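Down below is the structure, laid out as structure tokens.
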Amino acid sequence: MEPKTSQLPHKPVEDETLLYNQEFLEFLSGLPKERVIEKFESYQYQGFWYNPPLLHGIFNMQKHFQPCENDIFLVTAPKSGTTWLKALIYALMNREAHPPQSPHHPLLNKTPHQLVPFLEFINPSEYGSVCNSPDRTTRILATHCPLVSLPKSITDDHSPSSCKIVYLCRDVKDNFVSLFHFAQKNQWHISLEESFELYCKGFSGAGPVWDQISGYWKESLDRPHKVLFMRYEEMQNEPQFQLKRLAHFLGKPISEEDEKSGVVDQIINLCSFDTQSRLKVNNTGDLVCGLSNSSFFRKGVVGDWKNCLTIDMASKLDQITEEKFHAFGLSI
Ligand code: PAP
């Protein structure tokens, strides 16, 4: 049976045998497995934990995906600001064809997830038809895939050398809180305490989140032309500077003319939480995968963990972060 592209990144599946082909089921059967919540199994692959839909996408990607010259890969751990970065990169790369102040801008009528798809949720037969730049020279694709599992054709320097990776991370305390609220909204029926234990053990969708972050961090130091490492908090604190940094890395720097026209502020405003979360398109309907569009917009702030975590929980996350990142000179 042909696999469906519409399975959820984070949602339990009733009967996996109905969804996947024999090859993938055999692959799954050889992996370490844990039942994390009722009806929700996680599989460990190349050091990271996945639910079957996400792993299926990665399995397909590793077998079939071929990057093109100029592809942009936007990588995040779930709930690190993916939706925001999708909007920003889309608006930035398409600013000539779609001026950010236009009342007909695609980001006013389509969700960031419609405009920039997740690579692991595209059917392999449709990889070639992704087109999200009017001149068809650039594809923007998102993924939650850890560096170690990205197809070599993307990461190799011998591959189309101009394809780029933008990695966005977020303070893990806010990341966890965002994931927990997302789970509540999508009715996973899981308590804060239970969620927290799972998160710390690495069950967070391509987790442990720390290992994903440090993998891309190291790569951004070793190969700065290939990987740009960004932080959600820096995007919030200095959006103009970070957007220019992004534009420069993606080979579409902000020109003097752009500066004069105010395009940087226009993109920031168009993609801001305030603008995006009020749009009808982001408040109604579901993604093809069944998750509600509105569940990707909650508060969009830094430090909301203070309203949700106990002191012990926050300390535990800080402690793991310190232990995992110390050797890399990385802090978030
Ligand atoms: P995904 O990885 O599953 O696609 P992602 O977009 O990373 O989800 O996570 C949603 C978070 O980004 C939410 O954070 P919160 O729960 O802490 O509020 C959401 O509010 C936030 N978010 C979505 N859009 C924006 C935006 N335009 N600006 C800032 N934050 C945003």
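Every residue, every condition in (1) more than 14 Å from the ligand (Cβ to nearest atom); (2) small (Gly, Ala, Ser); (3) in contact with a His (Cβ under 6 Å, 6 or more places away or on another chain); (4) modelled with pLDDT of 90 or more, yes or no:
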{"residue": "107", "(1), (2), (3), (4)": "no, no, no, yes"}
{"residue": "112", "(1), (2), (3), (4)": "no, no, no, yes"}
{"residue": "118", "(1), (2), (3), (4)": "no, no, no, yes"}
{"residue": "124", "(1), (2), (3), (4)": "yes, no, yes, yes"}
{"residue": "131", "(1), (2), (3), (4)": "yes, no, no, no"}
{"residue": "137", "(1), (2), (3), (4)": "yes, no, no, no"}
Since residue 17 meets every condition but one in (1) in a loop (DSSP other than H, G, I, E, B); (2) modelled with pLDDT under 75, which condition does it not meet?
(1)
So residue 215 ticks every box in (1) at pLDDT below 95; (2) in a helix (DSSP H, G or I) but one. Which box is left unticked?
(1)
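State all residues of region 241-254 that are in a helix (DSSP H, G or I) and surrounded by 13 or more Cβ atoms within 10 Å (Cβ to Cβ); if no residue qualifies, say none.
Result: 242, 243, 244, 245, 246, 247, 249.
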Taking the options 153, 178, 195, name whichever one is within 13 Å of the ligand (Cβ to nearest atom), polar (S, T, N, Q) and assigned to a helix (DSSP H, G or I).
178
Quick one: in region 59-95, of everything that is within 8 Å of the ligand (Cβ to nearest atom) and among the hydroxyl-bearing types (Ser, Thr, Tyr), which residue is farthest from residue 216 (Cα to Cα)?
83
Which one of the conditions (1) modelled with pLDDT of 95 or more; (2) within 12 Å of the ligand (Cβ to nearest atom) does residue 204 fail to meet, given that it meets all the rest?
(1)
Kindly indicate whether residue 251 is of a type outside the set (A, V, I, L, M) and either in contact with a Phe, Trp or Tyr (Cβ under 8 Å, 6 or more places away or on another chain) or under 22 Å from residue 73 (Cα atoms) (or both).
yes
It is to be established whether one or more residues within region 225-233 are assigned to a helix (DSSP H, G or I) and surrounded by fewer than 21 Cβ atoms within 10 Å (Cβ to Cβ).
yes
Where the second residue is more than 6 Å from the ligand (Cβ to nearest atom) and assigned to a strand (DSSP E or B) and the first is modelled with pLDDT under 95 and lies in region 72-93, which pairs have Cβ atoms under 7 Å and are six or more apart or on separate chains?
none
Determine which member of the set 108, 141, 147 is surrounded by fewer than 23 Cβ atoms within 10 Å (Cβ to Cβ), touching a residue at least 40 places away in the same chain (Cβ under 8 Å) and under 14 Å from the mean Cα position of the chain (by Cα).
147
Go through region 255-285 and give me each residue that's buried (at least 18 other Cβ atoms within 10 Å of the Cβ) and within 20 Å of residue 99 (Cβ to Cβ).
258, 263, 264, 266, 267, 268, 270, 271, 276
Somewhere in region 232-239, is a residue of a type in the set (Ser, Thr, Tyr), at pLDDT below 95 and within 13 Å of the ligand (Cβ to nearest atom)?
no
Return the residues of region 255-271 that are away from the ligand (no atom under 12 Å from the Cβ) and assigned to a helix (DSSP H, G or I); say none if nothing qualifies.
256, 257, 258, 259, 260, 261, 263, 264, 265, 266
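The values are calculated or read from the model by the stated rules, or taken from the named source; none is laboratory data. Because the structure is predicted, anything quoted here is derived from the model rather than measured. Every residue, glycine as well, gets a Cβ built from its backbone with ideal geometry; the counts of neighbours run over all protein chains shown.
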